[in-house]
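Every number here is computed from the coordinates shown, using simple stated rules; none is lab data. These numbers were taken from a predicted model, which means no experiment stands behind them. Positions of Cβ are generated from backbone atoms using ideal geometry, with glycine treated the same way; all protein chains shown enter the neighbour counts.
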Amino acid sequence: MSKERTFSIVKPDAVLAGKTGAIVQHLTDGGLKPIAMKLVHLSQEQAKGFYHVHRERPFFGDLVKFMTSGPCLVQVLEGENAIAKNRELMGATDSKKAAAGTIRQKFGTDIERNAAHGSDAPETAKYEIGFFFSGAELAALGVTP
Ligand code: ATP
Ligand code: MG
C-alpha cells in the first residue's frame, strides 16, 4: 500500500449547518490527513467548470445553484488508499440511501444536498486538486508534487 492524495469538498449545506469541523474530524479519524485546506465561495463559472462532466444532466442547474449557495471547504487529503477511503467514509451519493455512520448519512439531506464531495479516480483527484490549489500554494505548505 502507498500513500495517495485525494480532493475533498465540505459542501455549502454542511458548512452552513456548522458541520465542517465534525466532517474533518470524521475524515481524520478514518486515516485521511488534510495537507491543504481553505474556504471558498464558488462562482457560477467555477461550479460549472468543476461539474463540467454533468453539464447535460437534468440536475445540473440545481447542482450549480446549490454549490454556489455559500462557502465550501476545499481540501487535499493524504493517506493510504485515500481516494477509495474517502468515498467509503462519505457513503453513497444519496444521503437517504447512504449507510449508517457515513458522512453523507450523518450530515447530508438527499441526493443533491449530500454534505461532501470526493474524487473518484487518480486522474480526477489530480485535476480537482489543481482546479483549486496552485502549485505555489501547495509548495508554500510543503506539499510537493
Ligand atoms: P461527488 O462528485 O459530489 O463526489 P458522486 O461522485 O457521489 O458525488 P456524481 O454522480 O458525481 O456523484 O454527482 C455529483 C453531485 O451531483 C452529487 O454529489 C450530488 O450533489 C449531485 N447529484 C447527483 N445526482 C443527482 C440527482 N439525480 N439529482 C440531484 N442532484 C444530483
Ligand atoms: Mg462525482
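Shown here for segment 42-115: trypsin sites (Lys or Arg not before Pro) in loop regions (DSSP other than H, G, I, E, B) with at most 15 other Cβ atoms within 10 Å, namely Arg55, Lys96, Lys97.
Structural descriptor for segment 1-107: relative contact order 42 percent, calculated from alpha carbon pairs under 8 angstrom and at least 6 residues apart.
Packing here is the average count of other Cβ atoms within 10 Å per residue, and on that basis the peptides 56-64, 14-22, highest first, run 14-22, 56-64. The helix-only estimate of mean residue ellipticity at 222 nm for the chain, built from DSSP H runs of length n ≥ 4 each weighted as -39500 (n - 2.57), is -11000 deg cm²/dmol after division by the residue total.
Along segment 20-25 the Karplus relation, 6.51 cos²θ - 1.76 cosθ + 1.60 evaluated at θ = phi - 60°, assigns HN-Hα couplings of 4, x, 5, 6, 4, 4 Hz to successive residues, with x for each Gly and Pro. Taking only the Cα atoms of the chain, the radius of gyration and Dmax are 14.3, 41 Å.
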